[in-house]
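See structure below.
The values are calculated or read from the model by the stated rules, or taken from the named source; none is laboratory data. In this text the structure is predicted, and so the values were computed from the model without any measurement. Every residue, glycine as well, gets a Cβ built from its backbone with ideal geometry; the counts of neighbours run over all protein chains shown. Please note that ligands, DNA and RNA were not included when accessible areas were found on the heavy atoms of the full protein model with its side chains. Shrake-Rupley method; radii C 1.70, N 1.55, O 1.52, S 1.80 Å.
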Amino acid sequence: MQDYIKITHQKAAVDALKRLVEHPSSNTDLAPGAPFGQPIRDALDEMMQICSELGFKTYTDPDGNYGYAEVGEGEAIFGILGHMDVVPAGDADDWSHAPYCLTVENGVMYGRGVQDDKGPSIAALYAVKALMDAGVTFKERIRFIFGTDEETLWRGIAVYQQKEEPITHGIAPDSEFPVTYAEKGLQQSYFVGPGSSEFSLTMQNAFNAVPAKAQYNGPKLAAVKTALDDFGFDYETNENGVTVTGKSVHAMLAPQGTNAVLRLAMALDKVFPDGPLGLIGRCFKEDATGTNLVGDVADKASGHLTVNISNIEVNSEETRMQVDMRIPVTVDHDELIQKMTEKVAEYGYHYEDFDYLAPLYVPKDSELVEKLMTVYHEVTGDTTEPQVSGGATYARTMNQCVAFGAMLPGVPDYMHQVDEQWELEKMFTAMDIYAAAIKGIAGSD
């Protein structure tokens, strides 16, 4: 198999990624031409500039919802779907390297977005650039589509679907190798219940990340510390009261994390037994599979339900919990939600819908999956089979599209976490895979 990726492409890709990481492109307030905040629009414009410099034809939605870059000819479109928004970095002091300044140390890149999704988008982009430099022509149009709202409500990509022609088939380099042929349904919701006159809480965390910290500095602080000690939960005492500490992971991997918000809620329920947190303290507890709420929900195709409660806000009027669920692909969504609604009602709560993304399924024996798997096996020698994910990628929004990389098997998952990082050599291997796959599917014979 021909080696298309040269050292010059590797170096250029890292340099380009550095330009993108410098933009703190998490969702902020609406600005003119920037529906999800100026930092995201700046990152999108930066990517469009990079694509233009590489020789792609580019188009940016005037309202700032999306952009795309294209090369090749023909009616068919091979789409490559990425996103320029990232989750917030949190407290920069918790990072060993500045989150918005790409740092390379001992062969490892550090910075927010290097795994999710600026790094993989750049890897795929420079793989196509390497094909172009090698004189490869394309029988299909290779179209990179860059969304701006993937970490929240996917509104940008929805505008793309309304305004632009559909792709024929494609990939989303926003997951793991090899092919993810099925993705669980993604439901984001709120549990809303009674407020409290005894204490208040205000915590801001992303839906799709298990929170590693939860702070409290309210009444009965000493008793809350004692309750945390009784549970054996880790916490720190400082001038701001008490900070419960846990382990952050992506919400799709919630059972592998330690949810600091839930641990604080359990302690508060013990201290304020007549308060509004009985749903957590006496029912949900630390159960990231939702079994205590709705029983054992799973299927053979995609595994267990996961449930992540990342925010709990308590004031005098209401308690509001922010909930992220990854639903097995064959489970009836409406029946599950009805069962959950009935259970939370036992604790004085009602269920509020926020956003739902239906599951993805492209058969393992489809032409697209088989071609991608063949290339992956040839480049890596790895015999890993296609997989199912609890993650949600743009692949589920498009025709005949699957998640394909960019993380190789065994690469630690730093998405949405402090010290997000990616080894250079792993990125360069991903570039090799993308170049071979895109050549095999869309290159002229």
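Given ASP296, ASP234, which one is in contact with a His (Cβ under 8 Å, 6 or more places away or on another chain), open to solvent by 60 Å² or more (accessible area, probe 1.4 Å), without any contact (Cβ under 8 Å) to a residue 40 or more places away in the chain and of a type outside the set (Phe, Trp, Tyr)?
Step by step, each of ASP296, ASP234 is checked, and only ASP296 is in contact with a His (Cβ under 8 Å, 6 or more places away or on another chain), open to solvent by 60 Å² or more (accessible area, probe 1.4 Å), without any contact (Cβ under 8 Å) to a residue 40 or more places away in the chain and of a type outside the set (Phe, Trp, Tyr).
Looking at segment 138-152, which of its residues are part of a loop (DSSP other than H, G, I, E, B) and open to solvent by 10 Å² or more (accessible area, probe 1.4 Å)?
LYS139, GLU140, GLU150, GLU151, THR152 - these are the residues of segment 138-152 that are part of a loop (DSSP other than H, G, I, E, B) and open to solvent by 10 Å² or more (accessible area, probe 1.4 Å).
Test LEU81 against the criterion of being assigned to a helix (DSSP H, G or I) and surrounded by 17 or more Cβ atoms within 10 Å (Cβ to Cβ), and give yes or no.
No: the conditions fail for LEU81.
Against the definition (more than 25 Å from GLN161 (Cβ to Cβ) and among the small types (Gly, Ala, Ser)), how does ALA16 come out, yes or no?
yes
Restricting attention to segment 323-330, does a residue exist that is open to solvent by 20 Å² or more (accessible area, probe 1.4 Å), touching a residue at least 40 places away in the same chain (Cβ under 8 Å) and among the hydroxyl-bearing types (Ser, Thr, Tyr)?
The answer is no; no qualifying residue exists.
If you check ASP287 against the conditions, is it in contact with a strand residue (DSSP E or B) (Cβ under 9 Å, 6 or more places away or on another chain), part of a loop (DSSP other than H, G, I, E, B), open to solvent by 10 Å² or more (accessible area, probe 1.4 Å) and without any contact (Cβ under 8 Å) to a residue 12 or more places away in the chain?
no
Within segment 300-317, can one find any residue that is of a type in the set (Asp, Glu), open to solvent by 60 Å² or more (accessible area, probe 1.4 Å) and in contact with a Gly (Cβ under 9 Å, 6 or more places away or on another chain)?
So far as segment 300-317 goes, yes, one or more of its residues are of a type in the set (Asp, Glu), open to solvent by 60 Å² or more (accessible area, probe 1.4 Å) and in contact with a Gly (Cβ under 9 Å, 6 or more places away or on another chain).
Condition first: touching a residue at least 24 places away in the same chain (Cβ under 8 Å), under 30 Å from ALA406 (Cα atoms) and in a helix (DSSP H, G or I). Can you find one or more residues in segment 199-207 that meet it?
Looking through segment 199-207, none of the residues is touching a residue at least 24 places away in the same chain (Cβ under 8 Å), under 30 Å from ALA406 (Cα atoms) and in a helix (DSSP H, G or I).
Do we have ILE280 as open to solvent by less than 10 Å² (accessible area, probe 1.4 Å) and either under 30 Å from THR330 (Cβ atoms) or polar (S, T, N, Q) (or both) here?
For ILE280, the condition - open to solvent by less than 10 Å² (accessible area, probe 1.4 Å) and either under 30 Å from THR330 (Cβ atoms) or polar (S, T, N, Q) (or both) - is met.
Does segment 363-390 hold any residues that are in contact with a His (Cβ under 7 Å, 6 or more places away or on another chain) and either in contact (Cβ under 8 Å) with a residue 24 or more places away in the chain or charged (D, E, K, R) (or both), and which are they?
LEU368
Within segment 311-318, can one find any residue that is out of contact with any strand residue (DSSP E or B) (no Cβ under 9 Å at 6 or more places or on another chain), over 16 Å from LEU336 (Cβ atoms), among the small types (Gly, Ala, Ser) and assigned to a helix (DSSP H, G or I)?
no
In segment 15-45, how many are open to solvent by 20 Å² or more (accessible area, probe 1.4 Å) and in a helix (DSSP H, G or I)?
8
I'm told TYR347 meets every condition in (1) in contact with a helix residue (DSSP H, G or I) (Cβ under 6 Å, 6 or more places away or on another chain); (2) open to solvent by less than 30 Å² (accessible area, probe 1.4 Å); (3) of a type outside the set (D, E, K, R) except one. Can you identify the failing condition by its number?
(2)
Would you be able to tell me the number of residues in segment 222-258 that are among the small types (Gly, Ala, Ser), more than 21 Å from ALA392 (Cβ to Cβ) and in a helix (DSSP H, G or I)?
Count: 3.
Checking GLY90 against (1) at pLDDT below 95; (2) assigned to a helix (DSSP H, G or I), only one condition comes out false. Which one?
Condition (2) is where GLY90 drops out.
PRO219 is checked against (1) in contact with an Asp or Glu (Cβ under 9 Å, 6 or more places away or on another chain); (2) closer than 28 Å to THR341 by Cβ; (3) in a loop (DSSP other than H, G, I, E, B); (4) not small (Gly, Ala, Ser) and fails just one. What number does that condition carry?
For PRO219, the failing item is (2).
Please find, among ASP3, ASP29, the residue that is under 18 Å from LEU424 (Cα atoms) and at pLDDT below 95.
ASP3
Yes or no: LEU131 within 20 Å of the chain's Cα centre (by Cα), within 27 Å of LEU424 (Cβ to Cβ) and touching a residue at least 24 places away in the same chain (Cβ under 8 Å)?
no
Of everything in segment 388-442, what is open to solvent by less than 10 Å² (accessible area, probe 1.4 Å), part of a helix (DSSP H, G or I), touching a helix residue (DSSP H, G or I) at 6+ places or on another chain (Cβ under 7 Å) and closer than 20 Å to MET84 by Cα? Give them in sequence order.
The answer is TYR394, MET427, ALA430, MET431, TYR434.
What are the residues in segment 155-195 that are open to solvent by 10 Å² or more (accessible area, probe 1.4 Å), in contact with a helix residue (DSSP H, G or I) (Cβ under 9 Å, 6 or more places away or on another chain), modelled with pLDDT of 95 or more and in a loop (DSSP other than H, G, I, E, B), if any?
The one that is open to solvent by 10 Å² or more (accessible area, probe 1.4 Å), in contact with a helix residue (DSSP H, G or I) (Cβ under 9 Å, 6 or more places away or on another chain), modelled with pLDDT of 95 or more and in a loop (DSSP other than H, G, I, E, B): ASP174.
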